[in-house]
Every structure is written in structure tokens, then in C-alpha cells.
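**Student:** Starting off with a structure, shown below.
The values are calculated or read from the model by the stated rules, or taken from the named source; none is laboratory data. Fair warning: this is a prediction, and the values are worked out from it, not measured in the lab. Counting neighbours? That spans all protein chains shown, and the Cβs are built from the backbone with ideal geometry, glycine included. Protein only, heavy atoms only, side chains kept; ligands, DNA and RNA dropped before computing areas. Shrake-Rupley method; radii C 1.70, N 1.55, O 1.52, S 1.80 Å.
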Amino acid sequence: MGQCLDALLAQREYIHEIIVVDNNSTDDTAAIVADRRRRFPMVALVSESERGVVHARNTGFDHADGSIIGRIDADTHVGPGWAEAVLDFFDRRLDYAAVTGPIHLYDSPWAAPYRAFVNYTTRRKPDELWVSAASGNNFAIRRSAWQAARDRVSLRTDLHEDIDLSLCLHRIGLRIAQIKSMCVEVSGRRLLTPPLEYRHYVSSSYRTWDHHNLASRALGRMLVLDMILHTLHWPLTRILSTCDSRILPVSHSDSSVTSDGKLSRTDTREFASAASDK
């Protein structure tokens, strides 16, 4: 958490406020935030007693008062120029509601080869491109877009809340971009997750797309391949790693279902016009 905050504070010229959501933490999160707040009043701590990433996200987004809301995880380290890249993109591209960027690993024996792979695939893509979904550990959204999707997102904790939000934006006609200049590093601890536990994480991915009636056989095959690859590298990763496994951000099951109902589409031009009034 400390390194996460320090990376953001190094870019405070472009950041109005930093909100940390304490979702029943048992570590020293509160002390770390209090230490940074004594030196930087822009840092705030809010609590959310309802356990689950979706509830923590909603609380953080609802407390934010800027026209652009960034969202990362506690183990995310934003790269140099991250905040400036976000603001520059939204200033130029009124036709997009949200944005994400490349994600590298740290704290992992596979950090170097994974970085090389991400850099190789990123170089082959345009500087800015449309994507169907974005990861919550490197994400920014217009406040007006969040307000448009707020009552549509599911509260189920067995879904991936970032994919769910992305698909809600898609269903109301709002687009997400990926840009090369918005880079972050995240912990590779999830690679240490035991295969049987990791299966629940992958199942949640399929469950989220299915929740939006967008699941397919191709998606199922891709997720099965992901589980197989994880199972194959896990023994060696466990031997080579010096960190602990990360708790998965989704529950195994959730009987509560939030129905999206029939959603009307929002005209993208109408959104762009509203955004330009900010």
C-alpha cells in the first residue's frame, strides 16, 4: 500500500484527491494512510463494511468528486506519467468513456519475460484502440459515465466487477480505450494461487460474461487453456517465488443476483457533448 500511494503522490500535480477504501482490512492500511495524510492532505481513507471488491469500488467511486475517476488496486504501482496520460486522453477523446493501459508484473520470477511479451504485443498495436473490457487494477472513467452505469452494475461478489462494469458501459453505448502511455505494474502473487483455487477465479470470468448473455464456446476454451497453463507453471512458480499468494478478489459463489433488466442504449454523441461541458 505504501508504494502504491507513493507512486501516485509523485504525480500529485495531476491528481486532485486520493481515496483509499478500507474494506475490512486486517493489516496496517489505516496507519500507512494516516502517515501519508499527515504530509499530503489530499489522501483520504473511507471505510466500507460490506465485504467484496464491488462494494469497495462503489464506495470509492461515489466519494470521488472529480470529473475523471481513476481506479487501481492496493498492489498497483502506476508508471511515470500515468495520471498525465489519463487526463490528456480524456481531453482529446470525448468519444470514450473509460480508458486502460498495459500491465506489467513485479514481485514475480516471470516479471522480465512477461514484460517483454507485453511490450512486444503492445508495439504491434495502435497507440489508442477500442477494447471490450478493462482490468480494474489500471482503469479510469468519466464521472458522468460512472453515474450512467451506477444503477446497472451487479452487486454479486462472485462476478468480476471490472468486467461487469465494462460490459455495462458497452450495453449503454459507451466505449473503453486502451492506450500505451498508461502503464502500471502489479504484483505477480496471483500466479501462486493453487490450481483448484484458481479454477474459481477463472469460472468467475465466464460467469460474468454469461451474466451479460455474452459467454461463448470460444471464451470457454480460452479460459480452460488459461487454467491448464496456470496448472503447468504453478509448481515452478511456487519454488522460485519469494512472496505469498494473493487472496482472490471474487467469492466462490453468490446467491444474490442483481438483474440488469432491459437497458436502453445511450447515444455516444450525446455523452461526448455532455462531457465537453465539464
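**Student:** Within the set of pairs 6 or more residues apart or between chains, which connect a residue that is over 15 Å from A133 (Cα atoms) inside segment 201-222 to a residue that is at pLDDT 95 or above and open to solvent by less than 80 Å² (accessible area, probe 1.4 Å) with Cβ atoms less than 6 Å apart?
**Tutor:** Once the first residue is over 15 Å from A133 (Cα atoms) and sits in segment 201-222, its partners that are at pLDDT 95 or above and open to solvent by less than 80 Å² (accessible area, probe 1.4 Å) give V202/L223; V202/D226; V202/M227.
**Student:** Let me ask another. Residues R57, R38: which one is farther than 25 Å from L105 by Cβ and of a type outside the set (A, V, I, L, M, F, W, C)?
**Tutor:** On the way: R57 fails: farther than 25 Å from L105 by Cβ.
The match here is R38.
**Student:** Right, something else. Is it the case that some residue within segment 116-131 is in contact with a His (Cβ under 7 Å, 6 or more places away or on another chain) and either open to solvent by 30 Å² or more (accessible area, probe 1.4 Å) or among the aromatic types (F, W, Y) (or both)?
**Tutor:** Initial filter on segment 116-131 (in contact with a His (Cβ under 7 Å, 6 or more places away or on another chain)): 118.
Checking the rest, the ones that are also either open to solvent by 30 Å² or more (accessible area, probe 1.4 Å) or among the aromatic types (F, W, Y) (or both) come to none.
There is no residue in segment 116-131 that is in contact with a His (Cβ under 7 Å, 6 or more places away or on another chain) and either open to solvent by 30 Å² or more (accessible area, probe 1.4 Å) or among the aromatic types (F, W, Y) (or both).
**Student:** Only one of R150, R124, R143 is modelled with pLDDT under 95 and not small (G, A, S); which? Even if it seems obvious, please write down each step before you answer.
**Tutor:** Working: R150 fails: modelled with pLDDT under 95; R143 fails: modelled with pLDDT under 95.
Going through R150, R124, R143 in turn, the sole match is R124.
**Student:** Filtering segment 188-234 down to residues that are open to solvent by less than 40 Å² (accessible area, probe 1.4 Å) and among the aliphatic types (A, V, I, L, M), which residue is farthest from S154 (Cα to Cα)?
**Tutor:** Filtering segment 188-234 for residues that are open to solvent by less than 40 Å² (accessible area, probe 1.4 Å) and among the aliphatic types (A, V, I, L, M), the one farthest from S154 (Cα to Cα) comes out as L192.
**Student:** Moving on. Residues L223, L232, L236: which one is touching a Ser or Thr at 6+ places or on another chain (Cβ under 7 Å), at pLDDT 95 or above and either among the β-branched types (V, I, T) or within 24 Å of R190 (Cα to Cα) (or both)?
**Tutor:** On the way: L232 fails: touching a Ser or Thr at 6+ places or on another chain (Cβ under 7 Å); L236 fails: touching a Ser or Thr at 6+ places or on another chain (Cβ under 7 Å).
Only one candidate passes the filter, namely L223.
**Student:** Right, here's the next one. If a residue must be assigned to a helix (DSSP H, G or I) and either open to solvent by 50 Å² or more (accessible area, probe 1.4 Å) or over 17 Å from V186 (Cβ atoms) (or both), how many such residues does segment 46-77 contain? Steps first, please.
**Tutor:** As a first pass, look at segment 46-77 and keep what is assigned to a helix (DSSP H, G or I): 53-63.
Within this subset, residues satisfying the condition of being either open to solvent by 50 Å² or more (accessible area, probe 1.4 Å) or over 17 Å from V186 (Cβ atoms) (or both) are 54-55, 58-63.
Qualifying residue count, segment 46-77: 8.
**Student:** Something else about it: Take the residues of segment 100-153 that are touching an Asp or Glu at 6+ places or on another chain (Cβ under 7 Å) and aromatic (F, W, Y): which is farthest from D65 (Cα to Cα)? Before the answer, list the steps.
**Tutor:** Narrowing segment 100-153 to residues touching an Asp or Glu at 6+ places or on another chain (Cβ under 7 Å): 104-106, 134-137, 139, 152-153.
Filter once more, keeping what is aromatic (F, W, Y): 106, 139.
Values: Y106: 31, F139: 17 Å.
Step by step, filter segment 100-153, then rank; the result is Y106.
**Student:** Can you tell me which residues in segment 19-32 are more than 19 Å from I69 (Cα to Cα) and open to solvent by less than 30 Å² (accessible area, probe 1.4 Å)?
**Tutor:** The one that is more than 19 Å from I69 (Cα to Cα) and open to solvent by less than 30 Å² (accessible area, probe 1.4 Å): T29.
**Student:** Please note which helices (runs of 4 or more DSSP H) are completely contained in segment 78-165 and include at least 3 residues that are β-branched (V, I, T).
**Tutor:** Working: elements: 82-92, 111-123, 143-149.
So the answer is 111-123.
**Student:** Looking only at segment 33-45, which residues are of a type in the set (A, V, I, L, M) and either open to solvent by 50 Å² or more (accessible area, probe 1.4 Å) or closer than 15 Å to H63 by Cβ (or both)?
**Tutor:** V33, M42, V43, A44, L45
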